[in-house]
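These notes are about the structure you will find just below.
None of the figures in this text is laboratory data; all of them are computed from the coordinates on show. Everything quoted here is computed from the prediction, not taken from an experiment. Because the Cβ atoms are built from the backbone with ideal geometry, glycine has one as well, and the counts that use them run over all protein chains shown.
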Amino acid sequence: MRRFLHLCASLVLATASGIASAKNYAGNTFEIEMIVFGRDSGLAQSGENWPASPRLEYPQQWVDFNSMEGETPLLQQVATRLDNKVAAIRRARGQQVLFHKAWRQVLQNKRNSPAVVINGGNPVGDHHQLEGSVTISVARYLHLSTNLWLSEFGAQQPSVADTTTSRGIALPRPPMAEQNMSDEPMGLSGQSAQALTVDAIRSEPRPPLTASRVAVLQQERRMRSGELHYLDHPRFGILIEVRPVEQEEESESAPDTL
């Protein structure tokens, strides 16, 4: 009996230690590198159908790569390390790199983790071929949540103005564009304010851009740091690696304070 109690106590201590070490991951800085690449004929070869009415939306809590600016950037751009993977993708027939960035981010638990807005490929108005977001959070393990879509606009890419008669799939406006639309100019009066108002009426509101077909990659994946992970879809794929940043390295890169 005494031996059994000792074993139970050891298990409780080990579990508590594991939970404590897991909690310590939150608030740590990690280096994230992600590649998104497309395949020209992936869905045709797989025999899968394009989704008829995909659910496309951006989360309310988000950051983008403009967040790298300012005194306390939420994302810090760093040098990429997976350039050999990018070169291999570009050598493959029928594949193209849509997105490749590396950045540092302080990771939190899922509830407090903002989504990172992603876009890549050819631009169309305020949009891009590749759009959506990824959320990387940490608990006992690293967790990746993808919310990405790849749009096709047909032989001729439509402009924002000619989408009123389109019957395609409406794309949500990128949150950066929504934020820019909501920003009101300050300190304008008289004719300048009136002219700006007239221009705004002429250009807004814009109808949503539509795509003829959209492929969606929405997955949840548990990851380990330092390992290269692959998320597959017939139309496009993701390579992602999350690397821990050593505290000594982080302190050396931090600016000196007086």
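Per-structure values
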quantity: Gain in span if fully extended, HIS229 to ALA139, counting 0.36 nm per residue against the direct Cα distance; calculated: 30.6 nm
quantity: Distance between modelled label sites at ALA52 and VAL97, nm, 7 Å Cα→Cβ extension; calculated: 3.9
quantity: Separation of the ASN112 and ALA170 label points, Cα + 7 Å toward Cβ, nm; calculated: 3.7
quantity: Sparse-neighbourhood loop sites, GluC sites (Glu not before Pro) in the range 58-157 - DSSP loop, at most 13 other Cβ within 10 angstrom; calculated: GLU69, GLU71
quantity: Fully extended contour minus Cα-Cα distance, from GLN76 to ARG222, at 0.36 nm per residue; calculated: 50.2 nm
quantity: Under 5 Å, built H, 5+ apart or other chain: amide partners of VAL63; calculated: ALA115, VAL116, VAL117
quantity: LEU209 long-range amide H proximity, modeled H, under 5 Å; calculated: LEU171
